Amino acid sequence: VINMFTSFGYLSSDKEDEKVIKAVYRALKPKGKFILDYVNKDFIIRYYRTEETKKIDKGDLKITREYNFLKSSHIDTYEIITDGKTVKKFISDFRFYSVTELARMLVGNGFHILDVFGNYNSESLSFDSKNCIILAEKIWVFVTWKNIMM
């Protein structure tokens, strides 16, 4: 299973995000691999900008970000501005997980972390890596206290 381009972390809570990990686990055969391509939280925080504007074909794209330190998330507001007026607006709420939090979530749901990379060239994760790519493997037998007690 491959989860690309930081398409994880948009659900309403950590528990909802964890349901995705559980579903991936169920979908894989034993020793099946899971690649989670995610944003590197350390890089984002290091270069965080609360506002930026980019030129696009239809005018300007204004991006405003509001960081929530308690949730480790931010709300992005995207506005397409043409002739000084907002013609389209989109709001996105995104949770920034650290590599430690992602690893804990994966291991806690039956995965073994095989490797972590900072880009598609298999370079090590660093503060300057834009990506955090985790290669995990489904453990053959995943035993939890709940399984033992049933």
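Tabulated results
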{"item": "DSSP bridge orientation in the stretch 1-100 - percent antiparallel, rounded to nearest 5", "result": "95 percent"}
{"item": "Heavy-atom accessible surface of the chain: percent carbon and sulfur, 1.4 Å", "result": "57 percent"}
{"item": "Solvent exposure of the stretch 50-150 as accessible area per residue, Å², 1.4 Å probe", "result": "68 Å²"}
{"item": "Fluctuation leader among 60, 128, 83 - the chain, Gaussian network, Cα springs under 10 angstrom", "result": "83"}
{"item": "Over 28 Å (Cα to Cα) - which of 19/71; 85/130; 15/58; 71/130; 15/54; 33/88 fall in this group", "result": "85/130; 15/58; 15/54; 33/88"}
{"item": "Relative contact order (%) - the chain, alpha-carbon pairs under 8 angstrom, separation at least six", "result": "26 percent"}
{"item": "Top of 69, 43, 127 by mean-square fluctuation, Gaussian network on the chain, Cα under 10 Å", "result": "69"}
{"item": "Calculated [θ] (222 nm, deg cm²/dmol) that DSSP helices of n ≥ 4 give over the chain, each run adding -39,500 (n - 2.57)", "result": "-6000 deg cm²/dmol"}
{"item": "Answer label, with semi-axes √(5λ) of the Cα gyration tensor in Å calculated from the coordinates and candidates (1) 26, 17, 15; (2) 35, 17, 14; (3) 31, 17, 13", "result": "(2)"}
{"item": "Folded to 0 to 90 degrees: helix 14-27 orientation relative to the chain principal axis, Cα", "result": "50 degrees"}
{"item": "Spatially proximal aspartates and glutamates relative to residue 55 (Cα-Cα < 17 Å; intrachain offsets below 8 disregarded)", "result": "79, 83"}
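The values are calculated or read from the model by the stated rules, or taken from the named source; none is laboratory data. Quick caveat, the model's predicted, so the values are computed rather than measured. Surface areas here come from the heavy atoms of the whole protein model, side chains and all, with no ligands, DNA or RNA. Shrake-Rupley method; radii C 1.70, N 1.55, O 1.52, S 1.80 Å.
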